[in-house]
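In what follows, a structure is listed as structure tokens, so that the remarks can point back to it.
The values are calculated or read from the model by the stated rules, or taken from the named source; none is laboratory data. For clarity, every value in this text was computed on a predicted model and none was experimentally measured. Positions of Cβ are backbone-derived with ideal geometry, glycine not excepted, and every protein chain shown enters the neighbour counts.
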Amino acid sequence: MMRVLAISGSLRHDSYNTALLHAAAEVAPEGLELVIFDGLREIPPYDQNGDAAGAPPAVLHLRRAIEDADALLFATPEYNGSVPGVLKNAVDWASRPRATTVMQNKPAAVIGASTGMFGAVWAQQDLKRILGLTGNRVLDLELSVGRAQETFVDGVLADHELRVQLREVLEALEDAVRKREAVAAARLAGGLGPERLRRPAPSAAAESGGRSSGDRNGRQGRPGGGVDVGPGLLKAALDRAPLTHEDLELAHVLVASRPASAIMRAPWSRTAAISARRSSM
Ligand SMILES: Cc1cc2nc3c(=O)[nH]c(=O)nc-3n(C[C@H](O)[C@H](O)[C@H](O)COP(=O)(O)O)c2cc1C
């Protein structure tokens, strides 16, 4: 099961952005679990001294939730043309310590709702820029719900088109996670190209001269070809480096994914716009 941590930038009880995340949970594809983070209010103002001494429990809770997730989905309101302070504050905490930040290479998508006409587009832009700086792999897409007070009925997103677009955002995140995992697995398998990954693997016993299965790095030969890697090794590889252009080429071969153009064909509506170009990841 793939896990997406959803973070709303609003503390408001009847927040449209939180409602947008609940709608996302309802339309999530099978095999994708959307977990809505509920600890934003408890996170104290960022304090570098406090961080050095050991982060407060609420921050550890946030960092752990991010670490446990395969990807992040942010829904941000727009306050005075930018990201609400509480959300920026949480991202600042999550970005530290810089060398080991849980944000590093984590795929992230940003959506937003506001009562203004434009659906928090400036806040989304700013948040994407910030997440790029914190090391996230930010998907180049946008879903903007303007005039949210007219779009949500009793806190429920009824607009069918928007629900379709929300699902497409989740599918894009799913796609990004799969590609990163495939590439990380390939890297762990010794920088193997697609040819080697498809080739039937020799039996583990034959490879090891009959002594044991798996090599000294814990990699296991998989009957029928390829190499299985444990989740620990996979995570280490995921955290290690950004994907290069060559990695993405390889990912396309390894993962049977929807073409990027599918999401670019998503229709426009008065209240929402979605566009997705493959991010450079
Ligand atoms: C301090 C503050 C600043 C705001 N600035 C903007 C803004 O720049 N653009 C905008 O479209 N809406 C702005 N709004 C209105 C918000 O879009 C609206 O309150 C929205 O419902 C907040 O999101 P939420 O429903 O998730 O809490 C602002 C609201 C507040 C409280």
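Annotation: of all residues in the stretch 9-36 being touching a Leu at 6+ places or on another chain (Cβ under 6 Å) and without any contact (Cβ under 8 Å) to a residue 60 or more places away in the chain, the one that is farthest from VAL59 (Cα to Cα) is ALA25. ASP38 passes every criterion in (1) within 23 Å of ARG180 (Cα to Cα); (2) within 16 Å of the ligand (Cβ to nearest atom); (3) of a type outside the set (Ser, Thr, Tyr); (4) part of a loop (DSSP other than H, G, I, E, B) apart from (1). Failed condition for ASP70, given (1) within 15 Å of the chain's Cα centre (by Cα); (2) farther than 20 Å from ASP140 by Cβ; (3) among the acidic types (Asp, Glu), with all others met? Among (1) within 15 Å of the chain's Cα centre (by Cα); (2) farther than 20 Å from ASP140 by Cβ; (3) among the acidic types (Asp, Glu), the lone unmet condition for ASP70 is (2). Counting residues in the stretch 12-23 that are away from the ligand (no atom under 14 Å from the Cβ), modelled with pLDDT of 95 or more and farther than 16 Å from THR115 by Cα gives zero. Looking only at residues that are of a type in the set (A, V, I, L, M) and farther than 18 Å from VAL138 by Cα in the stretch 1-11, which one is nearest to the ligand (Cβ to nearest atom)? Of everything passing the filter in the stretch 1-11, LEU11 is nearest to the ligand (Cβ to nearest atom). Summed over the stretch 1-27, residues that are surrounded by fewer than 20 Cβ atoms within 10 Å (Cβ to Cβ), out of contact with any Asp or Glu (no Cβ under 6 Å at 6 or more places or on another chain) and among the aliphatic types (A, V, I, L, M) total 3. Which is modelled with pLDDT of 95 or more, in contact with a Gly (Cβ under 6 Å, 6 or more places away or on another chain) and in the same structural domain as ALA120 (by TED's automatic domain parsing), of PRO77, PRO57, PRO29, PRO45? Being modelled with pLDDT of 95 or more, in contact with a Gly (Cβ under 6 Å, 6 or more places away or on another chain) and in the same structural domain as ALA120 (by TED's automatic domain parsing) holds for just one of PRO77, PRO57, PRO29, PRO45, which is PRO77.
Yes/no matrix, rows are residues, columns are (1) of a type in the set (Phe, Trp, Tyr); (2) over 21 Å from LEU141 (Cβ atoms); (3) within 16 Å of the ligand (Cβ to nearest atom):
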| residue | (1), (2), (3) |
| --- | --- |
| PRO84 | no, no, yes |
| MET103 | no, no, no |
| PRO107 | no, no, no |
| THR115 | no, yes, yes |
